[in-house]
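Report on the structure given below.
The values are calculated or read from the model by the stated rules, or taken from the named source; none is laboratory data. Nothing here was measured: the structure is a model prediction, and the numbers come from that model. Positions of Cβ are generated from backbone atoms using ideal geometry, with glycine treated the same way; all protein chains shown enter the neighbour counts. Quick note on the areas: whole protein, heavy atoms, side chains included, nothing else; ligands and nucleic acids left out. Shrake-Rupley method; radii C 1.70, N 1.55, O 1.52, S 1.80 Å.
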Amino acid sequence: MLKLTTHILLCSSERKNLQLIARKSHKMSTQRRFFVGGNWKMNGNKASIDEIVKNLADTNIPEDTDVVIAPTAAHLVYVKERINSKIQVSAQNSYKVAKGAFTGEISPAIIKDLGLNWVILGHSERRHVFGEGDELIAEKVQHALSEGLSVIACIGEKLSERESGLTEEVVFKQTKAIADVVSDWSKVVIAYEPVWAIGTGKTASPEQAQQVHTSLRTWLSENVTSAVAQSTRIIYGGSVNAKNCQNLAAQADIDGFLVGGASLKPEFAYIINARQ
């Protein structure tokens with residue numbers, strides 16, 4: 001497990017504010033439905049999907065838990081037609097308009113036409129591999145919400161930013177771009193995914209993740225509303241697996257996970273039940 005200094009320095013008043021938010025959040029955490037997302041990224045074929053579907057068919061899905069998996073765009077319908085009915089299916093991306101000459105893109109209208117209700121937006125791979133900035137991501141979030149989709153909105157800092165003490169500055173800026181276009185927060189799940197922990201095997205400690213989640217909830221309270229801060233689910237992503245999921249899920253402000261590689265494996269069933 002990577003040991004990194006958080007570099008978040010708090011004055012006395014800020015510390016008291018965080019403690020107050022944390023106490024409120026601890027009471028609310030049992031009221032926020034646990035959320036487990038599985039992002040398959042550019043992985044899977046029909047044979048491997050059949051195995052995943054078989055594994056999940058026998059998985060206990062707790063009544064207080066939402067499970068949403070995101071296969072490739074090419075396999076959305078194939079998965080939807082076969083998956084456990086308690087599990088929802090999401091697209092991994094969508095564009096900012098309903099239709100047009102945008103080769104290779106998929107729109108919220110198309111996603112809805114497939115009978116799906118979720119989309120992942122702002123993932124670090126979209127940001128750092130494909131160059132999507134805060135403005136474009138906000139436009140995509142706004143359009144997806146206007147079309148009736150629910151959004152898993154991803155934020156997170158790079159290793160160099162964390163080591164430079166910029167974690168809060170980065171994630172607050174990313175969150176603000178999204179918050180500025182959201183009117184119905186019941187349709188939004190925030191996924192905090194430190195870039196340095198995605199697919200690396202390095203995971204933020206439960207304490208590190210909890211500190212950022214608490215800071216994010218404080219930001220929502222101060223910049224949106226206290227009600228939104230307490231009701232919005234903030235999930236963690238970054239090398240979540242069967243070994244670390246229970247300790248992460250025990251944190252008051254971690255409301256679930258966005259799981260990458262482990263969502264393709266049988267251990268995903270264990271992660272779904274991390275809070276049981």
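Can you tell me which residue within the stretch 57-71, out of those that are under 16 Å from Leu149 (Cα atoms) and either in a helix (DSSP H, G or I) or of a type outside the set (Val, Ile, Thr) (or both), is most open to solvent (accessible area, probe 1.4 Å)?
My answer is Asp66.
Do we have Lys54 as modelled with pLDDT of 95 or more and not in a helix (DSSP H, G or I) here? Before you say what the answer is, go through the steps one by one.
On the way: modelled with pLDDT of 95 or more: yes; not in a helix (DSSP H, G or I): no.
Against the criterion (modelled with pLDDT of 95 or more and not in a helix (DSSP H, G or I)), Lys54 does not qualify.
Could you look through the stretch 85-110, keep only residues that are in contact (Cβ under 8 Å) with a residue 24 or more places away in the chain and aliphatic (A, V, I, L, M), and pick out the one that is nearest to Ala57 (Cα to Cα)?
The residue in question is Ile87.
Provide a single number: the residues in the stretch 180-202 that are in a loop (DSSP other than H, G, I, E, B), crowded, with 22+ Cβ neighbours inside 10 Å and in contact with a strand residue (DSSP E or B) (Cβ under 7 Å, 6 or more places away or on another chain).
Adding up the residues that qualify gives 1.
Answer yes or no as to whether Glu168 is closer than 20 Å to Trp196 by Cβ and in a loop (DSSP other than H, G, I, E, B).
Numbers: closer than 20 Å to Trp196 by Cβ: yes; in a loop (DSSP other than H, G, I, E, B): no.
No, not satisfied.
When you scan the stretch 113-123, do you find a residue that is closer than 25 Å to Leu216 by Cβ and assigned to a helix (DSSP H, G or I), even just one?
Just the residues of the stretch 113-123 that are closer than 25 Å to Leu216 by Cβ, to begin with: 117-123.
Next, only the ones that are assigned to a helix (DSSP H, G or I) stay: none.
No, that holds for no residue.
Does the stretch 203-236 hold any residues that are in contact with a helix residue (DSSP H, G or I) (Cβ under 8 Å, 6 or more places away or on another chain) and not in a helix (DSSP H, G or I), and which are they?
Thr203, Ala204, Val224, Thr232, Ile234, Tyr236
Go through the stretch 149-169 and count every residue that is within 18 Å of the chain's Cα centre (by Cα) and not acidic (Asp, Glu). Lay out the reasoning, then the answer.
Filtering the stretch 149-169 for residues within 18 Å of the chain's Cα centre (by Cα) gives 149-158, 167-168.
Narrowing further to those that are not acidic (Asp, Glu): 149-156, 158, 167.
Counting residues in the stretch 149-169 that are within 18 Å of the chain's Cα centre (by Cα) and not acidic (Asp, Glu) gives 10.
State the number of residues belonging to the stretch 191-211 that are of a type in the set (D, E, K, R) and either within 18 Å of His123 (Cα to Cα) or in contact with a Leu (Cβ under 9 Å, 6 or more places away or on another chain) (or both).
Residues of the stretch 191-211 of a type in the set (D, E, K, R): 193, 202, 207.
Now narrow it down to the ones that are either within 18 Å of His123 (Cα to Cα) or in contact with a Leu (Cβ under 9 Å, 6 or more places away or on another chain) (or both): 193, 202.
Residues that pass the stated criteria total 2.
Considering Leu159, Leu145, which residue is modelled with pLDDT under 95, under 24 Å from Gly256 (Cα atoms) and open to solvent by 10 Å² or more (accessible area, probe 1.4 Å)?
Selected residue: Leu159, the only one of Leu159, Leu145 that is modelled with pLDDT under 95, under 24 Å from Gly256 (Cα atoms) and open to solvent by 10 Å² or more (accessible area, probe 1.4 Å).
Can you tell me how many residues in the stretch 241-276 are among the basic types (Lys, Arg) and either crowded, with 22+ Cβ neighbours inside 10 Å or in a helix (DSSP H, G or I) (or both)? Working first, answer last.
Residues of the stretch 241-276 among the basic types (Lys, Arg): 243, 265, 275.
With the extra rule that they be either crowded, with 22+ Cβ neighbours inside 10 Å or in a helix (DSSP H, G or I) (or both), the set shrinks to none.
Going through the stretch 241-276 one residue at a time, the tally reaches 0.
Only residues that are small (Gly, Ala, Ser), without any contact (Cβ under 8 Å) to a residue 60 or more places away in the chain and crowded, with 17+ Cβ neighbours inside 10 Å: list them for the stretch 214-240, please.
Ser239
Do you know which residues across the stretch 72-99 are part of a loop (DSSP other than H, G, I, E, B) and open to solvent by 60 Å² or more (accessible area, probe 1.4 Å)?
Correct list: Glu81, Arg82, Ser85, Lys86, Lys96, Lys99.
Any idea how many residues of the stretch 38-51 are touching a residue at least 40 places away in the same chain (Cβ under 8 Å) and in a helix (DSSP H, G or I)?
Step one: filter the stretch 38-51 for residues touching a residue at least 40 places away in the same chain (Cβ under 8 Å), giving 38-41, 43-44, 48.
Adding the requirement that they be in a helix (DSSP H, G or I) leaves 48.
The number of residues fulfilling the criteria is 1.
May I ask you to list the residues in the stretch 113-131 that are surrounded by 18 or more Cβ atoms within 10 Å (Cβ to Cβ) and at negative phi? Full working, then the answer.
Of all residues in the stretch 113-131, those surrounded by 18 or more Cβ atoms within 10 Å (Cβ to Cβ) come to 116, 118-127.
Of everything in the stretch 113-131, those that are surrounded by 18 or more Cβ atoms within 10 Å (Cβ to Cβ) and at negative phi turn out to be Leu116, Trp118, Val119, Ile120, Leu121, His123, Ser124, Glu125, Arg126, Arg127.
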